[in-house]
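The values are calculated or read from the model by the stated rules, or taken from the named source; none is laboratory data. Quick caveat: nothing in here was measured; it's all calculated off a predicted structure. Quick reminder, even Gly has a Cβ in these numbers, built from the backbone with ideal geometry, and neighbours come from all protein chains shown. Ligands, DNA and RNA are excluded from the accessible area calculation, which covers all protein heavy atoms including side chains. Shrake-Rupley method; radii C 1.70, N 1.55, O 1.52, S 1.80 Å.
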Amino acid sequence: MASDLSKLIQDSLTITLAGLLAKDAKILKVTKAHPFDIEDTQLLQVESTFDFSNFSSKFSYLVPAKSASLIFNTMMGSPITDLSEEIDDDAEDAINEFVSNACGGLTTTINAAEFQDVGQTKFNISHKEILNGNDIKNLETTFRFEIDLEDHELILYINFDEAILDHITEIASSEITVHQERKIQEEEPEKVEEISTQDNNDINEEKTPEEEEETPKDIDPKTKKLKLLVMIIGGVLSFIILSFFILLFMGVFDDETPKKEPIDINTTKKATKKVEVIQYPTLKKVDFKTSDINKERINKKLEQLTKYQVLNKEELEAQKLAEKNRLFELEREKELLEFSKKNHEEPVFIKEKELTKIEVDKKTQFKEETFSKETPKEILKDKKTIIVETTNTDSSKIFYAVTNSLKYSLFKTLVQETKTAQARISICNDTSGETTIYIGPFESKELRTKMIELTESNNIAITAEDITEKDFNLRCNLE
């Protein structure tokens, strides 16, 4: 008895689909192909030749366009619902890979089974082309495989030659595909014809000679004209009657004459005469002279009425630039005002007691109140008297730290960490006129260096600058 390869062929299809598409594949039905299956359908034919030990056989895989599109879209992760009815190059490559893997898996399985009548085998893809289903006439050895691919229907066809038919007895014994809708459509016209012929026969049988004699003869032409005339007259009369009733309901025939009130003879009425007197005012003539026109006054009024002035292109650009500068200055003043408010919310150093009160302007002014040329200032701190001796003059240098950042709260904390007794935060302008923050003066360069290190640790650029008290007051507008 010949070996049956039907199960191995079906398993090669499902295992290859599961491996390529990562989806569960299951063959639902195997039937013999019907011409209606491939009618008006584009298919890709891939021929594979199997060389067995004792014979050679050719398998022709026929894949419809929708099945090819389903396999390609699943491989690429594209939407499965959007299936094409034409085979393109991408779908052709995907089907070629699928058939090659399926044939390879089938060859491996057959060789592992070691069938004596079949022996060892190998395959090669010999030919592939795109066909139209209407052009395929011989479907005697072509079988239809209906596969369930996770709730998606996948249809494949395989055409076997006669050499392998003895080894696929299970597939070869499959019944032909049944198209119930086409079968009903073909049977209905036959039933209608049978019923109509039967009715005609019954009618012919039921007719008697007397009924045949009573069949109406041709109508006389004069009677036809008479009937037509009567119908026309009846239609005209009905139209006139209908129009009359419509006009009657619309009130066309109602009497519109006004009703006269009865005159009472016993009463007398006095006749009153009403005379309306209309007085027309006399208009004065205006003696108009063109010399009376004040041209200067009219031109001034016209200039007041003009909403926009006519400007050339250069004037418009200058106007836009001036407006842009004005907005920039407003924004800059706003930032400086906010910074100034924060600068004077509270003092940098907390003092329990002060021997003398020093009044400081909005922009810190270091004059004789802070630096004395001869007499030092005494400041009471923690119940101890600290004498700050300063011998600075207008030409002596003062130690400052300069930055462009406006982070007041951070600088305030850092100044307190340096433990300086006199450094303040001031808003000034540098030599180029840009807004700059001056922190100082420091009692020594060591304190200023500590302030610079603390500021740079917070990723803020800061530099050291030694200037005189006069230069500081000029830059900060204190003189």
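Numerical summary
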quantity: Surface share of carbon and sulfur [accessible, 1.4 angstrom probe, percent] for region 63-119; calculated: 44
quantity: Heavy-atom accessible area per residue - region 45-160, 1.4 Å, Å²; calculated: 48
quantity: Extension gain, Ser56 back to Met76 (0.36 nm per residue minus Cα-Cα distance, nm); calculated: 3.7 nm
quantity: Neighbourhood net charge (11 Å Cβ-Cβ; Lys/Arg +1, Asp/Glu -1) for Val118; calculated: -4
quantity: Heavy atoms of Lys224 accessible to a 1.4 Å probe, total area in Å² rounded to 10; calculated: 120
quantity: Set Lys334/Lys397; Lys334/Lys450; Lys324/Lys412; Lys334/Lys407; Lys26/Lys137 screened for pairs whose C-alpha atoms are more than 26 Å apart; calculated: Lys334/Lys397; Lys334/Lys450; Lys324/Lys412; Lys26/Lys137
quantity: Local electrostatic count, Phe160, Cβ distance below 12 Å [Lys/Arg +1, Asp/Glu -1]; calculated: -3
quantity: Accessible surface, per residue, of region 403-452 when the full set of protein chains is kept, probe 1.4 Å, Å²; calculated: 43
quantity: For peptides 236-246, 438-448, 458-468, 148-158, sequence by mean Cβ density within 10 Å, most packed first; calculated: 438-448, 148-158, 458-468, 236-246
quantity: Lys128/Glu85 FRET efficiency (R0 22 Å; Cβ-Cβ; nearest 0.05); calculated: 0.70
quantity: Net charge, Glu47 excluded, C-beta distance under 12 Å - Lys, Arg +1, Asp, Glu -1; calculated: 0
quantity: Extension gain (nm, one decimal) between Glu97 and Lys285, 0.36 nm per residue minus Cα-Cα; calculated: 56.8 nm
quantity: Extension gain from Arg297 to Arg332, taking 0.36 nm per residue of separation minus the Cα-Cα distance; calculated: 8.2 nm
quantity: Among 41-48, 79-86, 161-168, the order from most to least packed when residues are scored by Cβ within 10 Å on average; calculated: 41-48, 161-168, 79-86
